[in-house]
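Asker: Here you go, one structure.
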Amino acid sequence: MRAVVQRVDGASVVVDGVVVGEILGEGLCVLVGVTHEDTEAKAAQLARKLWSLRILDEEKSCSDVGAPLLVISQFTLYGDARKGRRPTWNAAAPGPVAEPLVDEVVTQLRALGAEVATGRFGADMKVSLTNNGPFTVLLEV
C-alpha cells in the first residue's frame, strides 16, 4: 500500500460539480494506492501511521491536535513509466480489491478517533488543496 501525504491548509474533492469531501484548516490530504498483495492488516498499519505521523506544525500529528484527513483513492500511484511513453498499471490492484482496502484505511482512521473526509472511488475527481510548506511525504507499508 502506498500513500502520498500532503500537509494542507484545507482540501476538497469535487465530483460532477458537487463537493463530496472537504477538510478545513490544518490537516492531511492523503492519496492512497493499493497493489495486489495488500491486506486489511496493511490498511490498518497505514491508518495508524497516518494518524500518528508528526508532520503538522510544531512536529504535531493529527492525533495530537485532532486535525482532519481527506483520503482519496489513487490507483495511478502504482503506475510504471520506466519504459516507453505510456505508463502501465499492472501493479495497481483492480477496483474490487482496492476499494474495500481504501475503505478499510478510512474505517481504521475513524476507529482511532480521526475526522475523515473522502473522495468517491472510481469517479472523475477534481482535487483542490493548499499545500502547507509545501510538505509532501511518500509512505509505503
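Asker: Can you name every one of the strands (runs of 3 or more DSSP E) wholly within the range 1-98 that holds 2 or more residues which are of a type outside the set (A, V, I, L, M, F, W, C)?
Answerer: Once the strands (runs of 3 or more DSSP E) in the range 1-98 are filtered for at least 2 residues that are of a type outside the set (A, V, I, L, M, F, W, C), what remains is 2-15, 18-33.
Asker: Residues to consider are Thr136, Thr118; find the one that is closer than 21 Å to Ala11 by Cα, in contact (Cβ under 8 Å) with a residue 12 or more places away in the chain and open to solvent by 70 Å² or more (accessible area, probe 1.4 Å).
Answerer: Thr136
Asker: Could I ask something else about it? For Ser52, state whether it is of a type outside the set (Asp, Glu), free of Cβ contacts under 8 Å to residues at least 24 places away in the same chain and open to solvent by less than 10 Å² (accessible area, probe 1.4 Å).
Answerer: Here the answer is no, as Ser52 does not meet what is asked.
Asker: Within the range 14-34, count every residue that is within 22 Å of Pro96 (Cβ to Cβ) and either of a type in the set (A, V, I, L, M) or open to solvent by 40 Å² or more (accessible area, probe 1.4 Å) (or both).
Answerer: 6
Asker: While we're here: Select from the range 79-94 the residues that are of a type outside the set (D, E, K, R) and surrounded by fewer than 20 Cβ atoms within 10 Å (Cβ to Cβ) and list them in ascending order.
Answerer: Gly79, Ala81, Gly84, Pro87, Thr88, Trp89, Asn90, Ala91, Pro94
Asker: Same structure again: So, of the residues in the range 39-49 that are surrounded by fewer than 23 Cβ atoms within 10 Å (Cβ to Cβ) and in contact (Cβ under 8 Å) with a residue 40 or more places away in the chain, which turns out to be nearest to Gln108 (Cα to Cα)?
Answerer: Ranking the candidates gives Ala44 first.
Asker: Here is a follow-up. Of everything in the range 103-115, what is surrounded by 18 or more Cβ atoms within 10 Å (Cβ to Cβ) and either among the aromatic types (Phe, Trp, Tyr) or assigned to a helix (DSSP H, G or I) (or both)? Give them in sequence order.
Answerer: Glu104, Val105, Val106, Gln108, Leu109
The values are calculated or read from the model by the stated rules, or taken from the named source; none is laboratory data. Remember, it's a predicted structure, so these values are computed and weren't measured experimentally. Backbone-built Cβ (ideal geometry, glycine too); neighbour counts: all protein chains shown. The accessibility values were calculated without ligands, DNA or RNA, using every heavy atom of the protein model including side chains. Shrake-Rupley method; radii C 1.70, N 1.55, O 1.52, S 1.80 Å.
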